[in-house]
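The values are calculated or read from the model by the stated rules, or taken from the named source; none is laboratory data. The model shown is predicted, which means the values in this text are computed figures rather than measured ones. Here the Cβ is made from the backbone with ideal geometry for all residues, glycine too, and neighbour counts use every protein chain on show.
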Amino acid sequence: MKKYSLIWKFLKENKLYFFIISGLFVFSAVFGFLFPVFFSDFIKKFVEELSKQTEGMGFWQLFAFIFNNNLSTAFFGMVFGLFFGIIPVIVVFFNGYLLGFISNAVASSQGFLVLFRLLPHGIFEIPALILSLGLGLKFGISFLLNFLKFYKKKMNIYFMIVLLILFPLVFFIVSFILSLIRKQLRKNLGFDLKNIIFVFIYVVLPLLFVAALIEAGLIILLK
């Protein structure tokens, strides 16, 4: 019980990041539904490739495929959030737009009622995605703020911000190396990493597991 109370406390303390990711997801999904014109060839090819890969799969094969795909998206979106939270924002925009685009295509060909088929696994998959990407955003923003706060007396803060804007990759590499060298920054980095992995294992993973079971079952039933 103690670990879940700690998880709940951590989630509450960082709810702003989850609200931001949720807002971006809703916005991109609505945008994708209303304006399904961007990256249409890429998305169609992406969906076709997925269909080919899953063709002829049984329930457990489908489950493993879906779970692995969702797990990879959630995990790497979270861990690579260290790059100033940029990757989670890109991932959530892509996934939201993809959902809106596909929803529009399905609704146009089969009617709006068919969209309710997406709800069962979406109830678990979407919160898992939002949690993991919110954790990634928190990871990156905290890393950046801790670095700027620690070095603001040692370096010109305006110079660092300009460097960040013009050369983000260079700034990230330098700030990451300096964060590993400095004990306090290394401690902060380790603390955040420990907490987000803790939440990922005990909250995100079970949600993804249930979502994959439901989605695989629906695909088999609706074949």
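Taking the residues in the stretch 58-98 that are touching a residue at least 24 places away in the same chain (Cβ under 8 Å) and of a type in the set (Ser, Thr, Tyr) as candidates, determine which candidate is surrounded by the most Cβ atoms within 10 Å (Cβ to Cβ).
Among them, the one singled out is TYR97.
Check LEU34, LEU6 and return the single one that is of a type outside the set (Lys, Arg) and either over 30 Å from LYS194 (Cβ atoms) or exposed (fewer than 11 other Cβ atoms within 10 Å of the Cβ) (or both).
Residue meeting the stated conditions: LEU34.
Can you list the helices (runs of 4 or more DSSP H) found entirely within the stretch 1-103 that contain at least 1 residues being touching an Asp or Glu at 6+ places or on another chain (Cβ under 6 Å) and aliphatic (A, V, I, L, M)?
59-79
Can you find even one residue in the stretch 119-130 that is at pLDDT below 80, within 17 Å of VAL26 (Cβ to Cβ) and either within 17 Å of the chain's Cα centre (by Cα) or outside any helix (DSSP H, G or I) (or both)?
Taking every residue of the stretch 119-130 in turn, at least one turns out to be at pLDDT below 80, within 17 Å of VAL26 (Cβ to Cβ) and either within 17 Å of the chain's Cα centre (by Cα) or outside any helix (DSSP H, G or I) (or both).
Looking only at the stretch 204-212, decide whether some residue is more than 19 Å from PHE10 (Cα to Cα), in contact (Cβ under 8 Å) with a residue 12 or more places away in the chain and not in a helix (DSSP H, G or I).
no
If a residue has to be under 14 Å from ASN146 (Cβ atoms) and surrounded by fewer than 19 Cβ atoms within 10 Å (Cβ to Cβ) to count, how many in the stretch 181-201 make the cut?
Number of matching residues: 9.
Check LYS12, LYS3 and return the single one that is in contact (Cβ under 8 Å) with a residue 12 or more places away in the chain, within 24 Å of LEU205 (Cβ to Cβ) and among the basic types (Lys, Arg).
Answer to the check: LYS3.
Any idea which of LEU145, LEU178 is in contact (Cβ under 8 Å) with a residue 24 or more places away in the chain, surrounded by fewer than 19 Cβ atoms within 10 Å (Cβ to Cβ), among the hydrophobic types (A, V, I, L, M, F, W, C) and not in a loop (DSSP other than H, G, I, E, B)?
LEU178
Yes or no: the stretch 38-55 includes at least one residue that is among the polar types (S, T, N, Q), at pLDDT 85 or above and out of contact with any Pro (no Cβ under 7 Å at 6 or more places or on another chain).
No, the conditions are met nowhere in the stretch 38-55.
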